[in-house]
1. May I ask you to list the residues in the range 372-398 that are part of a loop (DSSP other than H, G, I, E, B) and over 24 Å from ARG264 (Cβ atoms)?
2. Of the numbered conditions (1) under 16 Å from LEU155 (Cα atoms); (2) at pLDDT 95 or above; (3) surrounded by 23 or more Cβ atoms within 10 Å (Cβ to Cβ), LEU259 satisfies every one except a single condition; which is it?
3. Could you grab me the full set of residues in the range 457-491 that are at pLDDT below 90 and under 20 Å from CYS439 (Cα atoms)?
4. Just checking, does the range 453-467 include any residue being more than 16 Å from ligand 5 (Cβ to nearest atom), among the charged types (D, E, K, R), surrounded by 14 or more Cβ atoms within 10 Å (Cβ to Cβ) and closer than 26 Å to ALA479 by Cα?
5. Among (1) assigned to a loop (DSSP other than H, G, I, E, B); (2) surrounded by fewer than 23 Cβ atoms within 10 Å (Cβ to Cβ); (3) more than 19 Å from the chain's Cα centre (by Cα), where does ILE252 come up short?
6. Could you list all residues from the range 44-68 that are farther than 12 Å from VAL113 by Cα, in contact with a helix residue (DSSP H, G or I) (Cβ under 7 Å, 6 or more places away or on another chain) and in a helix (DSSP H, G or I)?
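The values are calculated or read from the model by the stated rules, or taken from the named source; none is laboratory data. This structure is a prediction, so every number in the text was calculated from the model and none was measured. As a convention, Cβ positions derive from the backbone with ideal geometry for all residues, glycine included, and neighbour counts pool all protein chains shown.
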Amino acid sequence: MTQSASLPTEIRHNALLQLLANSLVLTHTTPYLSSYDVLNLAATSRNFRYIVYSTPHLFSRLDLTTVRKAQYIKEKSGRGGEPDGDQTEDDVYSGHLRRIFTSLRCLDILRHVQVLCLDGLSLTSELVHEIITDPTYSVKILSIRHVVHMNEAKLRATLQYACRPSRPEGTPRLKGLYVFGPKDSARPALTSSGASTPISTCSSISWDASAVGADQESEAWYAKRGAQFPVLSGNTQQWAAWAPTLVACHGIIAFDAVLCTGPRHLNSRGWGTVGIEALNAAGNPASKDVPIHAVATHSLGGCAGCSSAPEGWTIWGEEPPTERDPSERRASEGGTMTTDIGRFPLLAPPPMHSVSLKSAMCPTGQSVYTRLSQFRSKGEQARFIPRCYDCIRDRYCNCCNKWWCETCYVGPWASVPNGEASRAKMADLARVHKSCWECGMNCCDCINDTQRMCNRCGGGYCLIHNEGSNHITCDWCSARGRAGVRHPELY
Ligand SMILES: [Zn+2]
Ligand SMILES: [Zn+2]
Ligand SMILES: [Zn+2]
Ligand SMILES: [Zn+2]
Ligand SMILES: [Zn+2]
């Protein structure tokens, strides 16, 4: 380290130049640098400028999330962020990004950008419309998770319009949209380990360990079971509004979510294989109003009874099934690829070293060539069962993600002859119950693990959510010690 630091600048400069002249090194390094850093590098000398600008695919992935000028600054408009005079909302909330895109267009960089990340920025649906339709953009994969000032209804209308059946041949260029998932906590960032360390050596640059750690959450859908989008899960209206858009874009634009494949929906492979009437009669009344199509919010493993589901698993690499197209039409493009769009979700983060949709969908450890994945054994397959909450609310344990499919468990009413159904009997027959408000619906095993009856006052409590409770007494009796007696009627 010290040895190389003492080398003349010119030699160090040349060593870096030689290293980056290797196109493999260059293309694998630049995705970790911000576009600002890449342009700064180009500005250092004629040679670096030549390397950067003669390798246009260096800009095929553009991440503006950390670029200072891409951040929306409220005061700019002079009226606290409100549109001013003849300014439109679009001018105010997307103006800063438009200015960046104009500069990139002048530098002849914009047309090379195929993966564009705008997560968390201020962005209007008008700008998304422009990115999708304006021929000066070539964006194939766009990430707009947790953006602000976005009119979601207009965004959905834009997407549906782009995928309308009468759209021109070869449009839209956009093939993947990240919109539902959480922002990537922090991409592996190159950090300098201190001002006193020479910046010329590799050892002074380290992976930000905390950022890498935060990123190592298990992979959405395939490895992470249960709710996939905790922030949005509760907002059922918002999910319902997105379903027609996913249907309209099926086979054309892939999202980081997929449609629920439960047998109550028209697009399900299990449609018609289970008696919906019997399910409605036997289940929780809330499960009756399941919409024709729904966005899946949960990833499940096999049912606790049959290890599968009426519709089967979604398996990476599996041949496209002869499933019902959600909009009752075939994608006009045909071919294997379009049948994968809509069937497999995009996985975070947006691809770093590729612009292909398959790499954006490919689960860790699996082959991008889906046909090869078919030769894996069952244990090595990447698979999941996507469901909306309406399809599982009375058959799924929120705690351990265990569930019972429609074939194995019709519902608590099924075993109760007409007229005899009492609440107590139903509760006995139900596979999941709500014993604690915060725990939600839980299976008997989880209830046995977490719910207790207090030895002193006889009241029920949850070991997780009644803080201060122990295996013998509830939080209230534990806090009062021997002196107090709990009066359940006061609760
Ligand atoms: Zn089952
Ligand atoms: Zn569903
Ligand atoms: Zn459970
Ligand atoms: Zn609880
Ligand atoms: Zn007690």
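1. Residues satisfying the conditions are GLN374, PHE375, ARG376, SER377, GLN381, ALA382.
2. (1)
3. If the condition is that a residue be at pLDDT below 90 and under 20 Å from CYS439 (Cα atoms), then TYR491 is the only one that fits.
4. No, the range 453-467 has no match at all.
5. (3)
6. ASN47, PHE48, ARG49, ILE51, VAL52, TYR53
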